[in-house]
């Protein structure tokens, strides 16, 4: 797996206030140059995704986590707009249903893991069970603390079976969140996105920050490291995610599969 400047080393201590949410580390140039660079990456991503789908030997799980308005939906919409929908699935894990609560917290997640040849995207994920469950006090501390171990083992199992786990924490500032929430109130096309729950979560900004810090510390592993992506600038966020995806898929050195049995290039096509 490629290394990059956004990756958290396993076991590293994390202080989110030491990251600049509006920074652009690794990229020199204007927004226009960033958008152009992303377009080139997305063309390459489309090619590599087709190769992944055709070879059916490996799979990729993309996990997106962020504060509210952090850009998870936008990342999916922009970065994956050129891929073949047959080989990409998006899952979103909301408040557990009654049936889901009657099982272990990973019961509802595992069926959405990617099959060979697929890219699966988790827009929010199993990490909500150590974030919202913790901050909103939905379970006892002893319960969510044990979940770090279960998550690491789950992701290790996926990795051992050929799935590359790419985890992105999209980091925005409190001021940028305020601006985006205000935009949702002012723009009629975004009214549907606004929820009073967003304001309730914003009031607990510091608690969520601490929960994210511990999550990153406890679950950034050698097989499945977290990448902290400055996300105040949407174009930069998309460039980072596209860069990591392209580098990762290229590193797999996948090959196009041969003809099916009995097919030869000299067959007559009438």
Mind pulling the angle between the C-alpha long axis of helix 205-219 and the longest principal axis of the chain? Nearest 10 degrees, somewhere in 0 to 90.
40
Calculated FRET efficiency for the pair residue 266/residue 98, C-beta based, R₀ 51 Å, to 0.05:
0.25
On a 0 to 90° scale, report how tilted helix 31-55 is relative to the longest principal axis of the chain, with both axes built from alpha carbons and the result rounded to the nearest 10.
50
Would you calculate the separation in nanometres between label points at residue 174 and residue 43, each defined as 7 Å from the Cα along the Cα-to-beta-carbon direction?
4.4
Please build a GNM for the chain, connecting alpha carbons under 10 Å apart, and tell me which residue among 114, 257, 225 fluctuates the most.
257
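Quick check on packing: order 96-109, 166-179, 226-239 by the mean number of other C-beta atoms within 10 Å, highest mean leading.
So the order, starting with the most tightly packed, is 226-239, 166-179, 96-109.
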How do 6, 205, 192 rank when sorted from fewest to most other Cβ atoms within 10 Å of their own Cβ?
192, 205, 6
Helix 234-251: inclination vs the chain longest Cα principal axis, degrees, rounded to 10, gives 40
Neighbour counts of other C-beta atoms within 10 Å: give me 255, 190, 72 arranged from fewest to most.
255, 190, 72
Virtual spin-label span in nm between residue 196 and residue 116, 7 Å along Cα→Cβ
5.1
Take the Cβ-Cβ distance between residue 186 and residue 28 as r, set R0 to 41 Å, and report the resulting FRET efficiency rounded to the nearest 0.05.
0.75
Arrange the following residues from fewest to most other Cβ atoms within 10 Å of their Cβ: 60, 14.
14, 60
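Computed from the coordinates by the stated procedures, all read-outs in this text should not be read as laboratory data. This one's a predicted model, so the numbers in the text were calculated from it and none came from an experiment. Counting neighbours? That spans all protein chains shown, and the Cβs are built from the backbone with ideal geometry, glycine included.
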